[in-house]
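Quick notes on the structure that follows.
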Amino acid sequence: MSARRGERLGLSFALGLPLLVLLAVPTLALLAALAREGLGSGLASPQFRAALFTSLRTSTLALALIVGFGTPFAWWLARREGRLARVLDGLTQLPIVMPPAVVGLALLLALGTQSPLGAWLDARGWSPAFRSSAVVLAQVVVASPFYLGGARASFRRIDRRMLDVAATLGATPGQVFLRVTLPLALPGLAAAAAMAWARALGEFGATLIFAGNLPGRTQTMPLAIWETFDVDLDLALAASALLALVGALTLWLLRGLEGRGERMRGGSR
């Protein structure tokens, strides 16, 4: 029986090997290019530093907005089962299946100076299009689904009996949420936030259409790669290496948070 099971596992691995190779080869090619070209001049480039600062500033602000507004909404979604909750949940996940360029065009149509709302904002000097605020809005839209989905799932994994016990002991709903719900859901929330931040940091299509590619103002790391890969390989490699490192660290963090969450849920039973 064990030999047959080993044969099935071997066949499964063999069938998945082409996909594994396809996923690994681009990473190996990037590492080879980094070893061959180096990163010195790319890291020293003023354009690289400006794009890095823009990316870090906008993605961090976007994450703050996502967590601040998304956490209570994810809790609401986790506690509701009706049709309205399902519709709103589907609406919040829609940017995942929409191409980023479509998201950027939708933002431009909604908030650009040619739209009624955009014209009203522009008349008061608040138009976000082609400004750094447009980068933040684009990142919020494309990254929010990753946080909302992960946060909702984390909240749903909490044993409601623990919340009921806290309520029977005299805790108010706010105290239950802050002292019981959030600590139990924290590993999942942190993992969702890390995924959302990494997605915001790597956003390209929506940013390009809605915010433009203005060095020092709206040019993020992905846009710098797109603009310079055929004229300044060092800069493109430096930006690519940093984003790849962020992705690897994010995956490492997610694995650690998932394990911690499992231990916390196991200890609460």
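Laboratory data are not the source of any read-out in this text; all were calculated from the coordinates shown. From a predicted model like this one, the values you see are computed outputs, not experimental measurements. Note that each Cβ is placed from the backbone with ideal geometry, even for glycine, and that neighbours are counted across all protein chains shown.
Going highest first, how would you order 239-246, 110-117 by mean Cβ packing within 10 Å?
Numbers: 239-246: 18.4, 110-117: 14.8.
Per-residue mean Cβ counts within 10 Å order the peptides as 239-246, 110-117.
Based on the mean of other beta carbon atoms within 10 Å per residue, what is the order of 38-49, 80-91, 227-238, most packed first?
On the way: 38-49: 15.8, 80-91: 11.3, 227-238: 18.2.
In decreasing order of mean packing, 38-49, 80-91, 227-238 become 227-238, 38-49, 80-91.
Round to a whole angstrom and tell me the spacing of the C-alpha centers of segment 74-114 and segment 180-244.
About 20 Å separates the Cα centre of segment 74-114 from the one of segment 180-244.
Go ahead and set up a Gaussian network model of the chain, Cα springs under 10 Å, then flag whichever of Arg152, Arg124, Arg160 fluctuates most.
With Cα springs under 10 Å in the chain, the top fluctuation among Arg152, Arg124, Arg160 is at Arg124.
Just tell me, in residue order, which DSSP H segments of the chain are both 15 angstrom or longer along the helix axis (alpha-carbon based) and at least -0.5 in mean Kyte-Doolittle hydropathy. Walk me through the numbers before you get to the answer.
Details: long enough: 2-37 (49 Å, 1.05); 46-79 (48 Å, 0.77); 83-97 (21 Å, 0.75); 100-111 (16 Å, 2.57); 132-156 (35 Å, 0.95); 182-201 (27 Å, 1.41); 233-268 (52 Å, 0.68).
Answer set is 2-37, 46-79, 83-97, 100-111, 132-156, 182-201, 233-268.
Name the shape class, rounded, prolate or oblate, that the alpha-carbon gyration tensor gives for segment 55-268, where a ≥ b ≥ c are the square roots of its eigenvalues, rounded holds for a/c under 1.5, and otherwise prolate holds if a/b is larger than b/c and oblate otherwise.
Working: a/c = 2.69, a/b = 1.57, b/c = 1.72.
In terms of gyration-tensor shape, oblate.
When ranked by the protection proxy of mean other Cβ atoms within 10 Å per residue, highest first, what sequence do the peptides 195-208, 169-182, 20-33 form?
On the way: 195-208: 23.6, 169-182: 13.6, 20-33: 10.8.
For the peptides 195-208, 169-182, 20-33, the packing ranking is 195-208, 169-182, 20-33.
Full extension from Leu249 to Val102: what is 0.36 nm times the residue separation minus their Cα-Cα distance, to one decimal in nm?
Numbers: separation 147, 0.36 × 147 = 52.92 nm, distance 2.90 nm.
Between Leu249 and Val102, full extension yields 50.0 nm more.
Figure the gain on full extension for Val231 and Leu65 (residue separation times 0.36 nm, minus the Cα-Cα span) and round it to one decimal in nm.
Values: separation 166, 0.36 × 166 = 59.76 nm, distance 3.57 nm.
56.2 nm is the gain from fully extending Val231 to Leu65.
For the chain, with the dipole built from +1 on Lys and Arg beta-carbon atoms and -1 on Asp and Glu ones, taken about the Cα centre, which of Thr181, Ser144, Ala51 lies farthest toward the positive end?
About the Cα centre, the residue reaching furthest to the positive side is Thr181.
What is the list of residues in segment 127-145 whose amide nitrogen lies under 13 Å from a point 7 angstrom out from the Cα of Leu84, following Cα to Cβ?
none
In nm, to one decimal, how far is the Ala29 label point from the Asp159 one, both placed 7 Å along Cα→Cβ?
Those two pseudo-labels are separated by 5.1 nm.
Using a cut-off of under 20 Å, list every residue of segment 113-142 whose amide N is near the label point 7 Å from the Cα of Phe73 along the Cα-to-beta-carbon line.
Once the point is set 7 Å along Cα→Cβ of Phe73, 117-118, 128-129, 133-142 turn out to lie under 20 Å by backbone N, inside segment 113-142.
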